[in-house]
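Report on the following structure.
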Amino acid sequence: MDRLKKVLLFFLFFYLIVFISKNNNAQSLPIIQPVVVPSVITQVDISGFSGGQQNASEIGSIVQDNMVKSGLINLKDLLSTNFTQKTSEIYKLDNLTPDLRDLHLADIVSAILNNDIEKQKALLGNIVSSFELSKVLNYIFNNDKETIINYVVSLDSEKILKTYYNLLNLNNIDASLKDMLLNLSLKYGSLEILTSLIEKCKFIPDDKLIVKYFENIAQVKDIEKIQKFITVIKSVSLLQTFLEQRDKLVEHLGNPDYILKAFIHYVAIYCNLNWLKILLKEGVLVQLWDFNKNTPIHVVIETEKYEKIEDKCEFVALILKEKDITALYRNRQDKYATDLAMEKLNEYKKLLDLEKAKSNISLIKQNEIQKHVDCYTKLINMLSQIYKD
């Protein structure tokens, strides 16, 4: 019996040691948190940066992998300023050849990693040689042509695009390249390039392809690009697609999560006043419903994708000025736009009360919440006036 006890104690002691050893090892492993980029739903894995010793080729592969994982090949959305600490070391910027230094490669890399789109466009736009531009982009993107062209189109600069392809104008590109550029410009909402393809290449996209990318185009806020785009699509009879056509695509039919929308609904989602003003001028149907019978007013009241809360009030005011009867429509939940505004108002009133009840009151946060309360109060007053009339 004593011998059996000794054997059992031995095995118990042995497993205890093994367990403790494994637990210590697990605790000693570094935990690498992914960087969350606000404008992209998915997370970007940066575990490859932990060593800090990658060269340009290796970091190019890491960036490319992150883009593929996220479903977007768009540096302005994916790259975070968190990468800038090791920028010089990773890209070996201290050891650049004189020609790359003269092309301001270090400044271009810095602009990319800091999401400074205008600086990227300015620096790359100053490169007039196709060979030199290709050399810079190949260095940054590890010679990955697909990633480079996605990046170039996402910048939405016809000048940079023509330099990269060594073109005097876009008329000289073949049909396959036109088709690729058309799809990419729609994907990134690159109105300058899309406008040029339609105007100069006489390349008219199918309206079914356009409606597929309504949301991307609705996010463009450059008023000059929007105005020129409207002028061009009017000349090729595509304007009505943006004024009244819903995105009824065959591949979405039967999908319970898919909500039929017109272009103006996407404009409302992003509370894009520049697009709205131009659409109103062109005679857009502001009373259009989506699948849930929401008008653009319903949509803009509920959206959280706006730059300033005050923009919501201006958006609604512009629509009511055009057609105030829109305020009288109910959605499938039997709710007027006023009902939605009231729900939002009550939500922010509760937040304001909670903020005021805190011991360490933040006046900045309190003022921001108060702006929301004021906005939804104003919206209710505007919409209620229509009901009285």
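The values are calculated or read from the model by the stated rules, or taken from the named source; none is laboratory data. All figures in this text were calculated on a predicted structure; none of them were measured in a lab. Reconstructed Cβ throughout: ideal geometry from the backbone, glycine too, with neighbour counts over all protein chains shown.
Odds and ends about this structure:
- Looking only at the stretch 148-183, and only at residues there that are over 19 Å from the mean Cα position of the chain (by Cα) and charged (D, E, K, R), the one that is nearest to LEU197 (Cα to Cα): LYS178
- Qualifying residue in the stretch 364-375 (condition: in contact with a helix residue (DSSP H, G or I) (Cβ under 6 Å, 6 or more places away or on another chain) and within 18 Å of LEU276 (Cβ to Cβ)): yes
- When each of LYS277, LYS323, LYS335 is tested for being closer than 23 Å to ILE223 by Cα and of a type outside the set (A, V, I, L, M, F, W, C), the lone residue that passes is LYS277.
- Qualifying residue in the stretch 163-172 (condition: free of Cβ contacts under 8 Å to residues at least 24 places away in the same chain, farther than 23 Å from LYS212 by Cβ, in contact with a His (Cβ under 9 Å, 6 or more places away or on another chain) and surrounded by fewer than 19 Cβ atoms within 10 Å (Cβ to Cβ)): no
- Subset of the stretch 303-321 (residues that are among the charged types (D, E, K, R) and more than 17 Å from PHE263 (Cα to Cα)): GLU304, GLU307, LYS308, GLU310, ASP311, LYS312, GLU314, LYS321
- Residues being surrounded by 15 or more Cβ atoms within 10 Å (Cβ to Cβ), polar (S, T, N, Q) and without any contact (Cβ under 8 Å) to a residue 60 or more places away in the chain - total across the stretch 99-151: 6
- Count - residues of the stretch 168-215 that are under 19 Å from ILE230 (Cα atoms), modelled with pLDDT under 90 and not aliphatic (A, V, I, L, M): 9
- Only one entry of LYS293, LYS365 meets the criterion of being at positive phi and at pLDDT below 95, and that entry is LYS293.
- Helices (runs of 4 or more DSSP H) fully within the stretch 283-365 that include at least 2 residues being without any contact (Cβ under 8 Å) to a residue 24 or more places away in the chain: 337-357.
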